[in-house]
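The structure appears below as structure tokens.
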Amino acid sequence: MALFHKILIANRGEIALRIQRACRELGIPTVAVHSTADATAMHVRLADESVCIGPPSARDSYLNIPAILSAAAITGADAIHPGYGFLSENARFAEMVEAHGLTFIGPAPAHIRMMGDKIAAKTAMAGLDVPLVPGSDGAVADLAEARAVAARIGYPVLIKAAAGGGGRGMKVAARDAEIEEAWRVARTEAASAFGNDQVYIEKYLDRPRHVELQVLADGHGNVVHFGERDCSLQRRHQKLLEEAGSPALDAAARDALGARVTGALARLGYRNAGTLEFLYQDGQFAFIEMNTRLQVEHPVSEAIAGVDLVQEQIRLAAGEPLGYGQADIRFSGHAIECRINAEDPLTFAPTPGRVKVFHPPGGPGVRVDSALYAGYVVPPYYDSLVAKLIVHAPSRPEAIARLARALDEFVIDGIKTTLPLHQRIVRDKEFVAGDYTIHWLERFVGSQ
Ligand code: ADP
């Protein structure tokens, strides 16, 4: 019995291609959906079938639920993979997919909803013995309460939007004199960006690393993890380069965290893929949020664990049990991913336009996930990520050497990209030493 007859991929770009590849290897036909701006995109060219779902604006196309459900109905798809971004963490969408008799390739809508509200997520994790960043006990009602919380946990503090995401909706207050302004701006931004002005407060950690754990669960109590990813290299809270494993963690620390997290998710009854994000400082982990979807940086975990996470997601969504346990998962070597964005490497201004030459690197241990091709015009409407370069090698120094040579082979002409920035990072002494926190890249970029 086939897992599914046909899978509709409700996304675009490299991730739509990534999911198509997994489906093809499983023998499952795919349906691509696209906006009018993406009619000649690679994910449309390579799909078995495609349906235009609206004009360029994402709101009218990739976020257009009725159009996507109609596309599934007319093509006879019986499952939908949402990828990342767009509708991937929209619990209402997952519910509607299920209400139409289709399978949503992801977690239960109730868990998507729970983790989408960062306050509810922290409350749930606290109840499951997962350590948190010190902060307010839930939402903070007014400025007086914000002051009281800040006085209790100590400055600096971070005011965060309950519905926040994508690194937006966060404001730091370094001292009492700054909290009124930070409070006002955080609330206003949360309301306008997320339609929800609820905020909460966390201690602002001064030198943490961002360490996250990839999990898979079958909803029958079997939960495994695929090790950690270090995503500390961020600009404006957006990840730019990720590693598996973390240069800061040893196997014992990873195993201890893994046991705690998989135990918590088993008690929660979670199913499908998920990522728990932590800040790691002074040997302590503190949970910040959970992403209930596939993540951009999933290939580094695939590399070290020798697994196809998308195929696993599809299998689990079809109701198959996991079929293996933690002891069956072995980690080998080190993997690094660079996110290559259509952005100016110095100003980070988006650089949509025509790609004249596209020559991806190759050779041992090199993977490129990209929907670019020569002659393709990168449209201005969507995320600027245009390629991911992933390298895998037996050790971190070898992975860095491989990354440096692969970056030097990579040619994308016609538009500016962040390739030159990665070429500088990979040769930096501190990066090579693995000696960085979440604040490192901002300083590195500032000093260029
Ligand atoms: P988002 O959902 O917008 O990605 P997160 O809660 O995952 O928001 O935080 C994004 C990034 O912001 C983290 O990876 C980290 O770099 C930084 N950050 C979040 N919380 C804190 C904190 N309490 N102290 C210091 N940095 C933080």
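The values are calculated or read from the model by the stated rules, or taken from the named source; none is laboratory data. Owing to the predicted nature of the structure, the values given are computational and were not obtained by experimental measurement. Backbone-built Cβ (ideal geometry, glycine too); neighbour counts: all protein chains shown. With ligands, DNA and RNA removed, areas are computed over all heavy atoms of the protein, side chains included. Shrake-Rupley method; radii C 1.70, N 1.55, O 1.52, S 1.80 Å.
Quick look at the numbers
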read-out: Residue selected from the range 114-150 under the condition basic (Lys, Arg) and within 21 Å of VAL261 (Cα to Cα), by the criterion farthest from the chain's Cα centre (by Cα); value: LYS122
read-out: Residues located in the range 313-369, provided they are under 28 Å from ARG236 (Cα atoms), outside any strand (DSSP E or B) and of a type outside the set (Gly, Ala, Ser); value: ASP344, PRO345, LEU346, THR347, PHE348, THR351, PRO352, VAL355, PRO360
read-out: Wholly within the range 191-285, strands (runs of 3 or more DSSP E) carrying at least 3 residues that are within 19 Å of the chain's Cα centre (by Cα) and within 10 Å of the ligand (Cβ to nearest atom); value: 209-218, 223-235, 271-281
read-out: Residue tally, condition of a type in the set (Val, Ile, Thr), in contact with a helix residue (DSSP H, G or I) (Cβ under 8 Å, 6 or more places away or on another chain) and within 16 Å of ALA371 (Cβ to Cβ), over the range 12-62; value: 4
read-out: Residue among ALA110, ALA16 that is hydrophobic (A, V, I, L, M, F, W, C), under 25 Å from ASN291 (Cα atoms) and surrounded by fewer than 18 Cβ atoms within 10 Å (Cβ to Cβ); value: ALA110
read-out: Complete set of residues in the range 144-162 that are closer than 17 Å to LEU132 by Cβ and free of Cβ contacts under 8 Å to residues at least 12 places away in the same chain; value: ARG152
read-out: Positions within the range 178-205 being under 18 Å from ARG152 (Cβ atoms) and not hydrophobic (A, V, I, L, M, F, W, C), in sequence order; value: GLU178, GLU180, TYR200, GLU202, LYS203, TYR204
read-out: Every residue from the range 297-309 that is open to solvent by 10 Å² or more (accessible area, probe 1.4 Å) and not in a helix (DSSP H, G or I); value: GLY306, VAL307, ASP308
read-out: Residue, most open to solvent (accessible area, probe 1.4 Å), within the range 37-67, restricted to residues that are of a type outside the set (D, E, K, R), touching a Gly at 6+ places or on another chain (Cβ under 7 Å) and in contact (Cβ under 8 Å) with a residue 12 or more places away in the chain; value: ALA67
read-out: Test: residue in the range 85-106 that is surrounded by fewer than 16 Cβ atoms within 10 Å (Cβ to Cβ), in contact with a Ser or Thr (Cβ under 9 Å, 6 or more places away or on another chain) and polar (S, T, N, Q); value: no
read-out: Residue list for the range 286-302, restricted to those being within 11 Å of the ligand (Cβ to nearest atom) and not small (Gly, Ala, Ser); value: PHE287, ILE288, GLU289, MET290, ASN291, GLN295
read-out: Number of the exception - ALA79 against (1) within 22 Å of the chain's Cα centre (by Cα); (2) in contact (Cβ under 8 Å) with a residue 40 or more places away in the chain; (3) farther than 20 Å from ALA99 by Cβ; value: (3)
read-out: Residue in the range 177-189 that is more than 13 Å from the ligand (Cβ to nearest atom), hydrophobic (A, V, I, L, M, F, W, C) and assigned to a strand (DSSP E or B) present; value: no
read-out: Qualifying residue in the range 182-194 (condition: touching a helix residue (DSSP H, G or I) at 6+ places or on another chain (Cβ under 8 Å), under 15 Å from ILE438 (Cα atoms) and open to solvent by 10 Å² or more (accessible area, probe 1.4 Å)); value: no
read-out: Residue list for the range 129-149, restricted to those being exposed (fewer than 15 other Cβ atoms within 10 Å of the Cβ), away from the ligand (no atom under 16 Å from the Cβ) and of a type outside the set (Gly, Ala, Ser); value: ASP129, ASP142, LEU143, GLU145
read-out: The range 150-176, residues that are within 11 Å of the ligand (Cβ to nearest atom), in contact with a Pro (Cβ under 9 Å, 6 or more places away or on another chain) and assigned to a strand (DSSP E or B); value: VAL172
read-out: Residue among ALA406, ALA401, ALA349, ALA327 that is open to solvent by less than 20 Å² (accessible area, probe 1.4 Å) and either in contact with a Pro (Cβ under 6 Å, 6 or more places away or on another chain) or at pLDDT 95 or above (or both); value: ALA406
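One line per residue, one yes/no per condition, for (1) over 26 Å from MET115 (Cα atoms); (2) touching a Phe, Trp or Tyr at 6+ places or on another chain (Cβ under 9 Å); (3) open to solvent by less than 40 Å² (accessible area, probe 1.4 Å):
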position: GLU277; (1), (2), (3): no, yes, yes
position: GLN281; (1), (2), (3): no, no, yes
position: GLN295; (1), (2), (3): no, yes, yes
position: GLN311; (1), (2), (3): no, no, yes
position: GLY319; (1), (2), (3): no, no, no
position: GLU343; (1), (2), (3): yes, no, yes
position: ARG367; (1), (2), (3): yes, no, no
position: TYR381; (1), (2), (3): yes, no, no
